[in-house]
Amino acid sequence: QVQLVESGGGSVQAGGSLRLSCAASGRIMSSYRMGWYRQVPGKQRELVATATSGGTTIYADAVKGRFTISRDNARNTVDLQMNSLRPEDTDVYYCNALIQQSWGMGYGDYWGQGTQVTVSS
């Protein structure tokens, strides 16, 4: 099985920075896309940023210019550097990965347990 373990959440004042990290472990042959989503209870989970193994990145408009995603394909890790944080960035952040466990298998969609980010004004 595959597990995604997140770290780095916490509380910060507006204008501050946090760095989230996520490591995938288990039986992994390849991870096509890894990224971060966020969700406020009662609302739909929304994309923050993703990165493919080829280096293509996608950012939500709300975080462009402030957040930077980076991944290490060899280590199956993905980080999210969050700068100039705003109160509206307060959310639970979830790591996500599309992972192929072996030849002939399709890509499975895996999620971490979530990490809280709180930005105070």
Requested in this report: Give region 70-97 a look and list any residue that's assigned to a strand (DSSP E or B), closer than 16 Å to S25 by Cα and open to solvent by less than 30 Å² (accessible area, probe 1.4 Å), or say none.
Outcome: T77, V78, C95, N96, A97
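To keep it simple, each residue is scored yes or no on (1) at pLDDT below 95; (2) β-branched (V, I, T); (3) farther than 17 Å from L18 by Cβ.
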{"position": "R38", "(1), (2), (3)": "no, no, no"}
{"position": "S53", "(1), (2), (3)": "yes, no, yes"}
{"position": "T56", "(1), (2), (3)": "no, yes, yes"}
{"position": "Y59", "(1), (2), (3)": "no, no, no"}
{"position": "A74", "(1), (2), (3)": "yes, no, yes"}
{"position": "L80", "(1), (2), (3)": "no, no, no"}
{"position": "R86", "(1), (2), (3)": "no, no, no"}
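Tally the residues that are of a type in the set (K, R), in contact (Cβ under 8 Å) with a residue 12 or more places away in the chain and either open to solvent by less than 60 Å² (accessible area, probe 1.4 Å) or in a loop (DSSP other than H, G, I, E, B) (or both), restricting the search to region 31-69. If you could, list the steps in order and put the result at the bottom.
Step one: list which residues in region 31-69 are of a type in the set (K, R), which gives 33, 38, 43, 45, 64, 66.
Right, trim to in contact (Cβ under 8 Å) with a residue 12 or more places away in the chain and you get 33, 38, 45, 66.
Now narrow it down to the ones that are either open to solvent by less than 60 Å² (accessible area, probe 1.4 Å) or in a loop (DSSP other than H, G, I, E, B) (or both): 38, 45, 66.
Residues that pass the stated criteria total 3.
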Query - Subset of region 98-110 [crowded, with 16+ Cβ neighbours inside 10 Å and not polar (S, T, N, Q)] - result: L98, I99, Y110
Report task. Report, ordered by the first and then the second residue, all pairs with beta carbons closer than 9 Å, sequence separation of six or more or different chains, a first member in region 108-121 that is in contact (Cβ under 8 Å) with a residue 12 or more places away in the chain, and a second member that is open to solvent by less than 20 Å² (accessible area, probe 1.4 Å) and among the aromatic types (F, W, Y). Result -> G112/Y93; G114/Y93; T115/Y93; Q116/Y93; V117/Y93
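Being more than 15 Å from W111 (Cβ to Cβ), touching a Gly at 6+ places or on another chain (Cβ under 9 Å) and at pLDDT 95 or above is the requirement here; does A49 meet it?
Values: more than 15 Å from W111 (Cβ to Cβ): yes; touching a Gly at 6+ places or on another chain (Cβ under 9 Å): yes; at pLDDT 95 or above: yes.
Yes: the conditions hold for A49.
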Report summary line: Those residues of region 1-52 that are of a type in the set (K, R) and within 13 Å of the chain's Cα centre (by Cα) come to a total of 4
**Report entry** Number of the condition not met by T118 [criteria: (1) open to solvent by 20 Å² or more (accessible area, probe 1.4 Å); (2) part of a strand (DSSP E or B); (3) out of contact with any Ser or Thr (no Cβ under 6 Å at 6 or more places or on another chain)]
**Finding:** (3)
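The values are calculated or read from the model by the stated rules, or taken from the named source; none is laboratory data. Small disclaimer: the values here were computed from a predicted structure and weren't measured. Ideal geometry is used to build each Cβ from the backbone, glycine not excepted, and the neighbour counts take in all protein chains shown. Side chains are part of the model used for accessible areas, which takes the heavy atoms of the whole protein and leaves out ligands, DNA and RNA. Shrake-Rupley method; radii C 1.70, N 1.55, O 1.52, S 1.80 Å.
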